[in-house]
Amino acid sequence: MASEEASLRALESLMTEFFHDCTTNERKREIEELLNNFAQQIGAWRFCLYFLSSTRNDYVMMYSLTVFENLINKMWLGVPSQDKMEIRSCLPKLLLAHHKTLPYFIRNKLCKVIVDIGRQDWPMFYHDFFTNILQLIQSPVTTPLGLIMLKTTSEELACPREDLSVARKEELRKLLLDQVQTVLGLLTGILETVWDKHSVTAATPPPSPTSGESGDLLSNLLQSPSSAKLLNQPIPILDAESEYICSLALECLAHLFSWIPLSASITPSLLTTIFHFARFGCDIRARKMASVNGSSQNCVLGQERGRLGVLAMSCINELMSKNCVPMEFEEYLLRMFQQTFYLLQKITKDNNAHTVKSRLEELDESYIEKFTDFLRLFVSVHLRRIESYSQFPVVEFLTLLFKYTFHQPTHEGYFSCLDIWTLFLDYLTSKIKSRLGDKEAVLNRYEDALVLLLTEVLNRIQFRYNQAQLEELDDETLDDDQQTEWQRYLRQSLEVVAKVMELLPTHAFSTLFPVLQDNLEVYLGLQQFIVTSGSGPRLNITAENDCRRLHCSLRDLSSLLQAVGRLAEYFTGDVFAARFSDALTVVERLVKVTLYGSQIKLYNIETAVPSVLKPDLIDVHAQSLAALQAYSHWLAQYCSEAHRQNTQQFVSLISTTMDAITPLITTKVQDKLLLSACHLLVSLATTVRPVFLISIPAVQKVFNRITDASAQRLVDKAQVLVCRALSNILLLPWPNLPENEQQWPVRSMNHASLISALSRDYRNLKPNAVTPQRKMPLDDNVTDEMLSFFLTLFRGLRVQMGVPFTEQIIQTFLNMFTREQLAESILHEGSTGCRVVEKFLKILQVVVQEPGQVFKPFLPSIIALCMEQVYPIIAERPSPDVKAELFELLFRTLHHNWRYFFKSTILASVQRGMAEEQMENQPQFSAIMQAFGQSFLQPDIHLFKQNLFYLETLNTKQKLYHKKIFRSAMLFQFVNVLLQVLVCRSHDLLQEDIGIAIYNMASVDFDGFFTAFLPEFLTSCDGVDANQKNVLGRNFKMDRDLPSFTQNVHRLVNDLRYYRLCNDSLPPGTVKL
């Protein structure tokens, strides 16, 4: 015993030293090694048992429990049965004796260690493991401890980690399922007892907003008056111990519900009890009493009560998230919805004491999040199931959801609620599409709710109605989606508006357009306030209040212009004629606004608050151009109609639009406005393409500006857009005109002049500046741009280029990219050289995909370049540079040139009995396949996924796995590599894809897989003994369907890893059983 005491004192001293601030890292490593060596000793657990019962040092206790954890999870197989019995007996006794005095983290760790023993030994060697837990729960003194053990058991046994065999995992789940009914009964009893016990004392509550509350919707939402009466009972005041027990019981239920199936075990009384506790989350009275009474203890109690509500909602949401609902459980589900919507009504009930928003602000934020999660699950998973119940009033539910949404205290809460409305609108849209006959009935049912939603969402994006909230939104910091908080707010709101427009186009338009008109009147009326001063035109609005109102109006106009643009798609296609007049009204207004902005040059006007009003004016102008661009498809449709009717109205719209665009195409205009104008010009030239566009004076002006050598060049983006637009005006065919009226000769001449003018500076370069060099400077950005040019050329104009010129370019490139040149380029990771090589490989991808025989002579050179020059350089490098493009080129080469390798004849494919098809260029094919195989041994998961997809595609399209060369020499090598990847867990995200690929390969020769490959694979596995290999082989059933086969593969991988884990962790000399 003295040695145990001495060891304990030494260990305490070491632990104190280890965690002391002054201890060096080197000394810490020494102590760590000492402790690890001690833990590996046979019988170290006896010392640890003594340490646990004799010390109060937290570090020592935690270390001792870690020794036990390691022993049980990694060395248990080799522990003598007598020692196991002793451990199983001593640790629970220790827990029972000290659970009230141990720190909670030590107590929880000790619980987990005991559960780990149960995971290994229950029920065969530890038959009273679960019985003991049930007894602990039933004894009032140890109920909290029993609940902690139960929750730990659910966590560790229902979904165990990989350190168990699949058979044991299945056995544990079955054992736990057998206990579910008993456990749920116990938990229901605990919660009901606490509730009933404390309800007695709260029978006569003081008058409050919560007592006796019953709204108009209650009779609809709750079938039975008894349940309404139950839910109207005042919420009891619980003592601290009762709250603790209830929170543990609800935590247990939440975890149990995450894995047990919906069944009759989940009784109506349990559900009702959970809902009783969910009411704690919306009990403002209790929270206020806690804060009024003032003591910190009361505040903590108030928080704990709120937490009970959060835990209860977690339980409800676990049940809600299950999509597979048995018939017998549907009634329970309906009852759950009814009770939750009672709570929703309670939360959103407006009365004199509280507005809805202040009520929501007073609730726990986590509770609101859980409640929103519930509503999302209801709409996304269960609405279609519940809507058919006559006793469930969906419209009344939407009324409550509306109040809940528009009184959210946080932006995130509001965004989450908008997501729920989006789900509902999607559901409604798909329902109408599937039942077109009932369209009117469905829409009539929901029309009022949708119009109300649309109006409120539009109000929420306007400063006129919602200034305080909108000013809180950040419009500078970009999130992961490259948008600001304000942009996200606006986008999500406009998506809801668009979805309502799809369902109720007339209502939506008549709601939105008048609001837009109001703000447009303010904008169009600014002209009267413009005065000319010495420094130029100035906006004569200077009063602070007027400036603020103008700022709000301009921000609103900008948002509403985006809304109008978003709705453009709902005026085209089949509904063009029916909604023509509305669309024409919008487009005419937009054209008027854009012309107005360009003519009076609001973007250059001086204002009293330039930092605010100038950006506002620029933004409105840019958004009006963008909104008009959104109607380009409508204009195109109008163009084809106008062609038949020869209407002057259409000509006027396009001409006026060009008059609005042209003044903006100058370097004196801000980039935001310039780019909006350029994008609109491109849409007119590309999408609308009216015949008369080229003859409009404003377009001629743009041509002259771009081709004028003395004119100042626009920013690059704008220059490219304008050139694209002008080129498209000349190149793209005019709609609705026959070929002989397209005036190609004249347009071709004009295009040649345009290109000549644009390339003037390039062609004027001195001859010595472009003398061909023998060695191209591949690290130069110029080379990168040149390759980009050739790539675009090959993609778009290889036919027009002609065969000789194309051959010359390819041959030049092939000669230029020598092994040394490639190595120099690729070895600088992420360099321009790498990008140049990648572009070159992309050019070759275009070449190998070309049908016909023209470029076939290049195939040997291209494959040689890939396999002999590029591949050796990149094969062993961890960097992903160039690899993806190289393997795509190899895939395209195989996919589009299959007959280069396999000369199949029609006769051979018809006569199945004939010999295998003829194989050519076998060495090159084998080298490519070997490169694919090697790529699966590398850590790059993106490359792995890409190459696995390529192989699967080749098998689907060309029957790759069935080819004789693949089947005989490569098939099982690939299967072996893929299995090893699964065992190593290096690409776990692709488990499913790998399993399917293994099945597709094995299905080519199932007999060979089961009789030859599998035994050979198991024989070659190290770290497992012969008996374990036999078990692995026996457990792999000879199923030939995909789901069963992949399940067997994952079982094999799991059990192989489990056996290795057991064997690797056994101390030397351990007898394996």
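The values are calculated or read from the model by the stated rules, or taken from the named source; none is laboratory data. No experiment lies behind these values; they were computed from the predicted model shown. Here Cβ is always computed from backbone atoms with ideal geometry, including for glycine, and neighbour counts include all displayed protein chains. Accessible surface is based on the protein model in full, side chains and every heavy atom, while ligands, DNA and RNA are left aside. Shrake-Rupley method; radii C 1.70, N 1.55, O 1.52, S 1.80 Å.
Yes or no, residue by residue, for (1) open to solvent by 50 Å² or more (accessible area, probe 1.4 Å); (2) assigned by the TED database to the domain that holds Ser314; (3) under 30 Å from Cys324 (Cβ atoms); (4) acidic (Asp, Glu):
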{"residue": "Glu365", "(1), (2), (3), (4)": "yes, yes, no, yes"}
{"residue": "Phe374", "(1), (2), (3), (4)": "no, yes, yes, no"}
{"residue": "Val379", "(1), (2), (3), (4)": "no, yes, yes, no"}
{"residue": "Leu400", "(1), (2), (3), (4)": "no, yes, yes, no"}
{"residue": "Lys439", "(1), (2), (3), (4)": "yes, no, no, no"}
{"residue": "Leu452", "(1), (2), (3), (4)": "yes, no, no, no"}
{"residue": "Asn459", "(1), (2), (3), (4)": "no, no, no, no"}
{"residue": "Gln462", "(1), (2), (3), (4)": "no, no, no, no"}
{"residue": "Tyr465", "(1), (2), (3), (4)": "yes, no, no, no"}
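Where the second residue is open to solvent by 30 Å² or more (accessible area, probe 1.4 Å) and part of a helix (DSSP H, G or I) and the first is under 17 Å from Ser759 (Cβ atoms) and lies in region 704-725, which pairs have Cβ atoms under 6 Å and are six or more apart or on separate chains? Matching pairs, first to second residue: Ala711/Arg705. Applying the criterion of at least 2 residues that are modelled with pLDDT of 85 or more and of a type outside the set (S, T, N, Q) to the helices (runs of 4 or more DSSP H) found wholly in region 713-798 leaves 716-731, 744-758. Could you please let me know if Ser581 is polar (S, T, N, Q) and either surrounded by 14 or more Cβ atoms within 10 Å (Cβ to Cβ) or in contact (Cβ under 8 Å) with a residue 40 or more places away in the chain (or both)? So Ser581 fails the test.
Before we move on, is Leu91 touching a Lys or Arg at 6+ places or on another chain (Cβ under 8 Å) and either open to solvent by less than 40 Å² (accessible area, probe 1.4 Å) or in the same structural domain as Asp1064 (by the TED database) (or both)?
Considered against the rule, which asks whether it is touching a Lys or Arg at 6+ places or on another chain (Cβ under 8 Å) and either open to solvent by less than 40 Å² (accessible area, probe 1.4 Å) or in the same structural domain as Asp1064 (by the TED database) (or both), Leu91 comes out as no.
Only helices (runs of 4 or more DSSP H) whose full extent lies in region 68-158 are considered here, and the ones with at least 1 residues that are closer than 24 Å to Leu35 by Cβ and aliphatic (A, V, I, L, M) are 81-98, 104-121. The residue that is surrounded by the fewest Cβ atoms within 10 Å (Cβ to Cβ), among those in region 902-935 that are among the hydrophobic types (A, V, I, L, M, F, W, C) and modelled with pLDDT of 90 or more, is Ala927.
Does Arg689 qualify as being at pLDDT below 90, assigned by the TED database to the domain that holds Val593, among the charged types (D, E, K, R) and more than 27 Å from Lys614 (Cβ to Cβ)? Taking the combined requirement at face value, the residue does not satisfy it. The residue of region 257-280 that is farthest from Leu308 (Cα to Cα), among those that are open to solvent by 10 Å² or more (accessible area, probe 1.4 Å) and among the aliphatic types (A, V, I, L, M), is Ala264. Quick one: would you say Arg88 is modelled with pLDDT of 90 or more and of a type in the set (Lys, Arg)? Yes: the conditions hold for Arg88. Entry remark, region 949-980: residues being of a type in the set (A, V, I, L, M) and either more than 16 Å from Met1001 (Cβ to Cβ) or open to solvent by less than 10 Å² (accessible area, probe 1.4 Å) (or both) number 7 in total. His679 fulfils the conditions (1) open to solvent by less than 40 Å² (accessible area, probe 1.4 Å); (2) under 24 Å from Ile600 (Cα atoms); (3) not acidic (Asp, Glu) except for a single criterion, (1). In region 513-538, which residues are open to solvent by less than 10 Å² (accessible area, probe 1.4 Å) and in contact with a helix residue (DSSP H, G or I) (Cβ under 6 Å, 6 or more places away or on another chain)? Within region 513-538, Leu516, Asn519, Tyr523 qualify.
For region 843-862, state whether one or more residues are crowded, with 17+ Cβ neighbours inside 10 Å, outside the structural domain of Phe936 (by the TED database), hydroxyl-bearing (Ser, Thr, Tyr) and closer than 25 Å to Met801 by Cβ. No, region 843-862 contains no residue that is crowded, with 17+ Cβ neighbours inside 10 Å, outside the structural domain of Phe936 (by the TED database), hydroxyl-bearing (Ser, Thr, Tyr) and closer than 25 Å to Met801 by Cβ.
A residue that is closer than 15 Å to Gln869 by Cα and surrounded by fewer than 18 Cβ atoms within 10 Å (Cβ to Cβ) occurs somewhere in region 799-814.
One line per residue, one yes/no per condition, for (1) at pLDDT below 85; (2) over 21 Å from Leu308 (Cβ atoms):
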site	(1), (2)
Glu330	yes, yes
Lys357	yes, yes
Leu360	yes, no
Arg384	yes, yes
Ser390	yes, yes
Phe415	no, yes
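Just one of the listed residues (Thr101, Thr23, Thr66, Thr55) is open to solvent by less than 60 Å² (accessible area, probe 1.4 Å), among the polar types (S, T, N, Q), under 46 Å from the mean Cα position of the chain (by Cα) and farther than 16 Å from Met149 by Cα, and it is Thr23.
Taking region 637-648, which residues are in a helix (DSSP H, G or I) and open to solvent by 40 Å² or more (accessible area, probe 1.4 Å)? Result: Gln637, Glu641, His643, Arg644, Gln645, Gln648. Within this structure, Thr832 fails the test of being free of Cβ contacts under 8 Å to residues at least 24 places away in the same chain, of a type in the set (S, T, N, Q) and open to solvent by 20 Å² or more (accessible area, probe 1.4 Å).
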